[in-house]
Amino acid sequence: MNATLLSSDEITAIRKALDTYLWPEAAAVDALYTVQLRHGWIDDGRLEAVAELLDLSPAYLDSLATFYPLLHRKPVGRKIIRYCDSVSCWLMGSEALAASLRKRLGIEEGETTPDGAYTLLPHPCLGACHQAPVAMVGDRLLTGLDPADPDALLEEGDGD
């Protein structure tokens with residue numbers, strides 16, 4: 001394994017996850033998230049280093065990293081905007097919210113603003129259906145959003 005790809009702290013955390021779970025497959029998401037926390041995303045080299053450490057195939061880890069919406073296989077902005085696209089939020093205007101965010105930021109879903117500030121992503125459910133529409137900016141949940149006012153979301157999201 002190329003020691004420069006994973007820090008000693010990352011290797012220690014991944015080995016701890018391996019000790020916690022019965023199978024390396026069960027530790028895989030934790031291991032990938034450990035890498036993402038430090039680097040912001042999971043590049044091919046680090047994914048392969050994690051695969052080697054867990055004795056799993058890179059293809060298996062890639063399938064996990066591309067399945068889970070909280071794991072990123074390409075660079076993301078300093079702040080990630082996740083708007084809920086579940087049925088409840090859709091009924092309350094999440095589609096209009098997404099459109100106003102796309103227009104305001106000048107990007108499509110899955111893209112990052114040219115200055116690297118924001119990445120816009122749909123999310124299957126943020127668990128706050130009773131306060132729809134909702135979005136997260138970074139780790140901050142924003143509820144009862146006005147679909148016509150993306151600036152309010154961006155300003156409120158800048159608080160984290």
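Residue-wise test of (1) at pLDDT 95 or above; (2) among the polar types (S, T, N, Q); (3) in contact with a Gly (Cβ under 9 Å, 6 or more places away or on another chain).
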| site | (1), (2), (3) |
| --- | --- |
| Leu97 | yes, no, no |
| Ser100 | yes, yes, no |
| Lys103 | yes, no, no |
| Gly106 | yes, no, no |
| Thr113 | yes, yes, yes |
| Gly116 | yes, no, yes |
| Leu120 | yes, no, yes |
| Cys125 | no, no, no |
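Residue by residue, here is whether (1) buried (at least 19 other Cβ atoms within 10 Å of the Cβ); (2) at negative phi; (3) not acidic (Asp, Glu) holds:
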{"position": "Gly93", "(1), (2), (3)": "no, no, yes"}
{"position": "Ala96", "(1), (2), (3)": "no, yes, yes"}
{"position": "Ile107", "(1), (2), (3)": "no, yes, yes"}
{"position": "Glu111", "(1), (2), (3)": "no, yes, no"}
{"position": "Tyr118", "(1), (2), (3)": "yes, yes, yes"}
_I need the full set of residues from region 126-160 which are in contact with a strand residue (DSSP E or B) (Cβ under 6 Å, 6 or more places away or on another chain) and at positive phi, in order please._
Gly138
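Kindly check whether there is at least one residue in region 68-81 that is free of Cβ contacts under 8 Å to residues at least 24 places away in the same chain and either loosely packed, with under 15 Cβ neighbours inside 10 Å or closer than 30 Å to Ile11 by Cβ (or both).
no
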*Take Ala59 and decide whether it is part of a helix (DSSP H, G or I), touching a helix residue (DSSP H, G or I) at 6+ places or on another chain (Cβ under 9 Å) and small (Gly, Ala, Ser).*
yes
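For every residue, the table says whether it meets (1) in a loop (DSSP other than H, G, I, E, B); (2) in contact with a Ser or Thr (Cβ under 9 Å, 6 or more places away or on another chain); (3) more than 30 Å from Gly45 (Cα to Cα).
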site	(1), (2), (3)
Pro75	yes, yes, no
Cys89	no, no, yes
Glu95	no, no, yes
Glu108	yes, no, no
Pro133	yes, yes, yes
Gly144	yes, no, yes
Pro147	yes, yes, yes
Ala152	no, no, yes
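The values are calculated or read from the model by the stated rules, or taken from the named source; none is laboratory data. Treat the numbers as computed from the prediction; the structure is a model and nothing was measured. All Cβ positions, glycine included, derive from the backbone under ideal geometry; neighbour counts span all protein chains shown.
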